[in-house]
Structures are given as structure tokens and as C-alpha cells.
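Input: a single structure, listed below in C-alpha cells.
The values are calculated or read from the model by the stated rules, or taken from the named source; none is laboratory data. Everything numeric in this text was worked out from a predicted model, so none of it was measured. Note that we place each Cβ from the backbone using ideal geometry, even for glycine, and neighbour counts take in every protein chain shown.
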Amino acid sequence: MNQNRASDADDRPRPFEGVIGRRVAAWLIDGAILFILSWLVWGGTGLLAVLTLGLAGGLFMLPWGLVLPILYGTLSIGSPLSATPGQALMGLVVRSESDTGHPSFGQAFTSTTLLALSWAAGGVPLLAAFFSSRSRTLHDLFSDTIVVRSAALRSEARPGRFLAEDG
């Protein structure tokens, strides 16, 4: 019976194992969702402008390409799910590094805004994940968040223990 428990412990996923590949897949999924959402927003804005005889045409001037992804990420990560839909589908969750709890909306906003700026910088700041033992990007560092596998959290006996791991 003890041997089964030991083998179960060995089968548990490590919190940071495979996180980079899963994050890339999550970004692709979230990008597809944002592409669809942007078409809906632009279509809705255009329809509203037509229906109001141009009075709502100023909505076209909003920088939707920046506002929509930041809202999407902030509201997703700041929700009880603590992940964007892409991250959730890939088995990832965002946690506050300090207490491994759900990130605050401030942390979610900071992380999402810095991610958008990282993409605007050609994605170079995202390469930091390859040099971090916990696959952390610069926007993770500055927002005090970590991205871990949700399966590792479910099997975690003692919350917060994975912070010291070098997965």
C-alpha cells in the first residue's frame, strides 16, 4: 500500500514541467479567441455607428487592438479561474508568487499590460522564460505572478511548496 502511494507521488506532474510549450499553445488559442472577439467588436461598432447615423462613429477611434487584449487578460486572470481560456485549456493557472493564491486584479492588469508591451517589443522579453528555472517571463516577474500546471496544484499536499522547486 505504501508503494502505491510512493508511485502516485512520482506520477504527479511537476508544477513547472512543460510550462513553456503549454504557454505557447495557450497564446495561440487566446490569439484565435481575440481575433474572433475583435471582429465582433469592430462589427458591433460599425453597426452601432450606422444605427446612430454616425454619432457613435467615434468608437472606431478607440485603440481596440490594445484595449481588447488587456481587458481579456485582466478579466480572465483576475477571475476565480485565474487563467485565460487558452491557459485553462492547456492546464495552466496563474498564481500570486507571494502567497500562491489567486492574483489580484492589479497583478492581472500589470501582467497583461506588460505582456502586450512584450509583444509590441517583438516578443524579446518573453525569451526570459528559457533562462528561468520556473519558466517565468519578465511580465511574470514584474507582476509578482507565476504560471504553473493546474494538475500540480490539485495534487499539492502543502500549498506553496512548489515555490522552492526548480522544475
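The single condition among (1) modelled with pLDDT of 90 or more; (2) on the phi > 0 side of the Ramachandran plot; (3) not β-branched (Val, Ile, Thr) that residue 160 does not satisfy is (1). Considering every residue within region 66-82, establish whether at least one is crowded, with 16+ Cβ neighbours inside 10 Å, at negative phi, in contact with a Ser or Thr (Cβ under 9 Å, 6 or more places away or on another chain) and of a type in the set (Phe, Trp, Tyr). The answer is yes; a qualifying residue exists.
None of 111, 104 is in contact with a strand residue (DSSP E or B) (Cβ under 9 Å, 6 or more places away or on another chain), surrounded by fewer than 16 Cβ atoms within 10 Å (Cβ to Cβ), among the polar types (S, T, N, Q) and at pLDDT 90 or above except 104.
Check whether at least one residue in region 27-50 is surrounded by fewer than 15 Cβ atoms within 10 Å (Cβ to Cβ) and closer than 15 Å to residue 140 by Cβ, and report yes or no. Scanning region 27-50 turns up no residue that is surrounded by fewer than 15 Cβ atoms within 10 Å (Cβ to Cβ) and closer than 15 Å to residue 140 by Cβ. Looking across region 137-148, just one residue is among the charged types (D, E, K, R) and over 12 Å from the mean Cα position of the chain (by Cα), and that is 144. Being modelled with pLDDT of 90 or more and either of a type in the set (Phe, Trp, Tyr) or touching a Leu at 6+ places or on another chain (Cβ under 8 Å) (or both) holds for only one residue in 77, 146, and it is 146. Scanning region 1-33 for residues that are modelled with pLDDT of 95 or more, within 17 Å of residue 149 (Cβ to Cβ) and aliphatic (A, V, I, L, M) yields 24, 25, 26, 29.
So which of 86, 43, 65, 54 ends up being out of contact with any helix residue (DSSP H, G or I) (no Cβ under 8 Å at 6 or more places or on another chain) and in a helix (DSSP H, G or I)? I'd like the intermediate steps shown before the answer.
Working: 86 fails: out of contact with any helix residue (DSSP H, G or I) (no Cβ under 8 Å at 6 or more places or on another chain); 65 fails: out of contact with any helix residue (DSSP H, G or I) (no Cβ under 8 Å at 6 or more places or on another chain); 54 fails: in a helix (DSSP H, G or I).
Exactly one of 86, 43, 65, 54 is out of contact with any helix residue (DSSP H, G or I) (no Cβ under 8 Å at 6 or more places or on another chain) and in a helix (DSSP H, G or I), namely 43.
Residues that are within 17 Å of residue 151 (Cβ to Cβ), in contact with a Pro (Cβ under 7 Å, 6 or more places away or on another chain) and among the hydrophobic types (A, V, I, L, M, F, W, C) within region 73-94 comprise just one, 94.
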